[in-house]
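I have placed the structure first, in the form of structure tokens, so that the comments after it can refer back to it.
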Amino acid sequence: MKTNPFLASALFSLAGLLAGCDTSSPTPAAPAASAATSTADVEATCTAQGWASQNGGTNGGGTATPTIVTTYDQLKAAITNSAVKVVQVNGVITIPSGGRISFQDQSGKTLFGSAGARLVSTDQTQAGSGIMYVKRCSNLVIRNLIFDGPGAYDVDGQDNCTIDACTNVWVDHCEFRDGLDGNLDVKNTSNYITVSWTKFAYLKAPRAGGSGGSNDHRFSNLIGSSDTSTGDRGKLNITFARCWWAPGCVARMPRVRFGKVQVVNSLFNSSNSTSAVMAGFEANLLVQNNVFEGVNRPIDLMANNSTAVQVTGNLFTSTTGNTAGNGKTAFTPPYTLSVLAASSVKATVTASNGAGATVGGNTCVNSGI
């Protein structure tokens, strides 16, 4: 039988990724495709790990031929057309004021960027802000895209991206920065979500004086919108793996209500922080083998009304404030990940193919967790 050189390359890359793990399990791999700048980039089907592996799994649009977009009108048309299963973003696309794209009621779709692809919003008004709103969708993959917002300003505006009432979503190798209200929020019964190899940052100075009352609203990730949203019980199950909450982030890294959320093998190094991981109402949190550097209040127990906050295997360097859980054992994940020792996390996450839009296209060779 002939050897497939692409498969061999993928397996070799994966073997390097798993070096230094303290637990291991087989990790799906797929043949690599070359990064595209003007031609279609097709990747063999690969499936998500973590919570997005449950409920039938998540592989988006699979190997469907990509529709290439380079303008806002093309992007909006491709995203809103349910017949288009893979959308490839080339270059920088600016979202016009009030042009936030509604990505609704679709299933089996991939949105990805070629090298350098970026979606930009510069609007700081409540009505005109935001890049994308994803609602009532299932089996989605969003990969290798930079979501570049206008900077934090507390006017009850829009996030760079909101995931609302969706199931089986895999966000992989993306960067969300300078969201007006937040970078990436998940709410309203969304479930079975994995966010892997993704970077969150605030590069722009916050704008003070917004009507919401916060003069520094660099709040990155809200999971669950309200303590009274009791329909979220049993939902909001999310894996954050090998992510990077980078300088500029102040809080919500993430802030969790209701869900069973695993935060694993991630880096927190924002000296601007007031809180990192925030355990809200009925949150069930497993905070495992992460690195916290120069962070204030790495583990914020808030009102002490969480279901469980288990903190295990983490490294805390030059931090202030609480580093402990609430003494209760968190959920046991129904999936298996290859968990790195905390000593290997920083180098892995900050590597050239680490967290962020670093893979140059629709390839998942470096997406194992």
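Among the residues of segment 254-303, which ones are of a type in the set (Gly, Ala, Ser) and in contact with a Cys (Cβ under 9 Å, 6 or more places away or on another chain)?
266, 270, 273, 276
When you check residue 279 against the structure, is it farther than 24 Å from residue 177 by Cβ and buried (at least 24 other Cβ atoms within 10 Å of the Cβ), yes or no?
Working: farther than 24 Å from residue 177 by Cβ: yes; buried (at least 24 other Cβ atoms within 10 Å of the Cβ): yes.
The answer is yes for residue 279.
Pairs please, first residue from segment 83-98 and in contact (Cβ under 8 Å) with a residue 60 or more places away in the chain, second anywhere and surrounded by 14 or more Cβ atoms within 10 Å (Cβ to Cβ) and of a type in the set (Gly, Ala, Ser), Cβ atoms under 7 Å, 6+ apart in sequence or on different chains.
Sorted first by the residue in segment 83-98, then by its partner, the pairs are 86/61; 86/64; 88/36; 88/40; 88/114.
What about residue 147, is it within 15 Å of the chain's Cα centre (by Cα), assigned to a strand (DSSP E or B) and over 20 Å from residue 254 (Cα atoms)? Before you say what the answer is, go through the steps one by one.
On the way: within 15 Å of the chain's Cα centre (by Cα): yes; assigned to a strand (DSSP E or B): yes; over 20 Å from residue 254 (Cα atoms): no.
Spelling it out, it is not the case that residue 147 is within 15 Å of the chain's Cα centre (by Cα), assigned to a strand (DSSP E or B) and over 20 Å from residue 254 (Cα atoms).
Within segment 76-96, is there a residue that is closer than 16 Å to residue 160 by Cα and part of a loop (DSSP other than H, G, I, E, B)?
yes
Please report, ordered by residue number, the strands (runs of 3 or more DSSP E) entirely within segment 177-226 with at least 1 residues that are of a type in the set (Phe, Trp, Tyr), surrounded by 21 or more Cβ atoms within 10 Å (Cβ to Cβ) and in contact with a Ser or Thr (Cβ under 6 Å, 6 or more places away or on another chain).
Numbers: elements: 184-187, 191-196, 199-201.
Result: 191-196, 199-201.
Would you pick out the residues in segment 100-123 that are outside any loop (DSSP other than H, G, I, E, B) and over 25 Å from residue 180 (Cβ atoms)?
Scanning segment 100-123 gives 107, 108, 109, 110.
For residue 145, only one of the following conditions fails: (1) surrounded by fewer than 20 Cβ atoms within 10 Å (Cβ to Cβ); (2) under 19 Å from residue 199 (Cα atoms). What is its number?
Condition not satisfied by residue 145: (1).
Quickly run through segment 346-355 and pick out the residues that are of a type outside the set (Val, Ile, Thr) and part of a loop (DSSP other than H, G, I, E, B).
351, 352, 353, 354, 355
For segment 97-134, how many residues meet the condition of being more than 18 Å from residue 160 (Cβ to Cβ) and crowded, with 21+ Cβ neighbours inside 10 Å?
Here the count works out to 4.
Restricting to segment 227-250, what's the tally of residues that are more than 14 Å from the chain's Cα centre (by Cα) and either crowded, with 20+ Cβ neighbours inside 10 Å or polar (S, T, N, Q) (or both)?
Final tally of qualifying residues: 8.
Given the structure, is residue 159 over 12 Å from the mean Cα position of the chain (by Cα) and of a type in the set (Asp, Glu)?
Criteria met by residue 159.
Of the conditions (1) in contact with a Pro (Cβ under 7 Å, 6 or more places away or on another chain); (2) farther than 28 Å from residue 366 by Cα; (3) surrounded by fewer than 24 Cβ atoms within 10 Å (Cβ to Cβ), residue 54 clears all except one; give me its number.
The one condition residue 54 does not meet is (2).
Bear in mind these aren't lab numbers, they're just calculated from the coordinates by the rules spelled out. It should be emphasised that the depicted structure is a prediction, and the values quoted were computed from it without experimental measurement. Cβ atoms come from the backbone with ideal geometry, glycine included; neighbour counts cover every protein chain shown.
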